[in-house]
Amino acid sequence: MNRLGLLGGIVVGVISSAVAQDMRSNVGRSLFADPRASRIGDAVMVLVVETSSASNDASTASDRGSDVSLDVAGNVGDSKIPDVALGVKTGNAFKGTGGTSRRGSVRARISARVDSVLANGDLMISGHRTIIVNGEEQRITLSGLVRPPDILADNSVYSYSIADARIAFEGDGVVTNAQGPGWITKLLHWLF
């Protein structure tokens, strides 16, 4: 029995080492693993919450005037030269004011994928989504750099935490085309 026990132990040891698993490759399956994105190909949910507001006011005033006059009077011998008076006045005044104001707000959720992991552990992400409703196409694209500590426990990150963020909302369709000027208006603007 002693030999059989020793042989059984060797067989169990060989079999267990043959089917041993690398725990790092099974991290995604573990109940205790961190679900946050950390490797190339991992997905992360981006919560786009952007609000922008800008205004600019300008005022200019200028005034310029000039006055030139010439008076000639005199005598030549006994005859008197008629009095001549010439006066020129010019004036130029300008007053201009202008202002611009713009406000925008965007809220969306989009899934992005980790494209690369930098040496310091930061993640380069990118993602896009296309939505078509009633022939109107809306495209959302984003890319940027995310620090792992900015990724929340539910594997999401706010857009304002993304460095070098590029977020684009573009659309095409009937509504978008109706909002632009017609071709006659474009031609007239081009000519004048």
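Since every read-out is calculated from the coordinates, none of them should be taken as a lab result. Model, not experiment: these values are computed from the prediction. Every residue, glycine as well, gets a Cβ built from its backbone with ideal geometry; the counts of neighbours run over all protein chains shown.
Some values worked out for this structure:
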| item | result |
| --- | --- |
| Additional length obtainable on full extension of the chain from Arg139 to Val49, 0.36 nm per residue less Cα span | 30.7 nm |
| Qualifying aspartates and glutamates (Cα of each under 15 Å from Cα of Lys95; at least 8 residues distant if same chain) | Asp57, Asp63 |
| Cα-projected label distance for Ser111 with Asp63, points at 7 Å along beta-carbon direction, nm | 6.8 |
| In sequence order, calculated HN-Hα J values of region 57-65 (Karplus, 6.51, -1.76, 1.60; Hz; x Gly/Pro) | 10, 9, 9, 9, 9, 9, 8, 9, x |
| Whole-Hz couplings from phi, Karplus 6.51/-1.76/1.60, listed for region 135-141; x for Gly and Pro | x, 9, 9, 10, 10, 10, 10 |
| Karplus-derived 3J(HN,Hα), 6.51/-1.76/1.60, for each residue of region 38-44, Hz, glycine and proline x | 8, 10, 4, x, 5, 9, 9 |
| Amide H within-cut-off set for Ser126, under 5 Å, with H built and near neighbours excluded | Arg113, Asp115 |
| Radius, Kirkwood style, for region 82-192 when every pair of distinct Cα atoms is counted (Å) | 19.6 |
| Relative contact order (percent, whole number), region 107-174, Cα cutoff 8 Å, 6+ residue spacing | 28 |
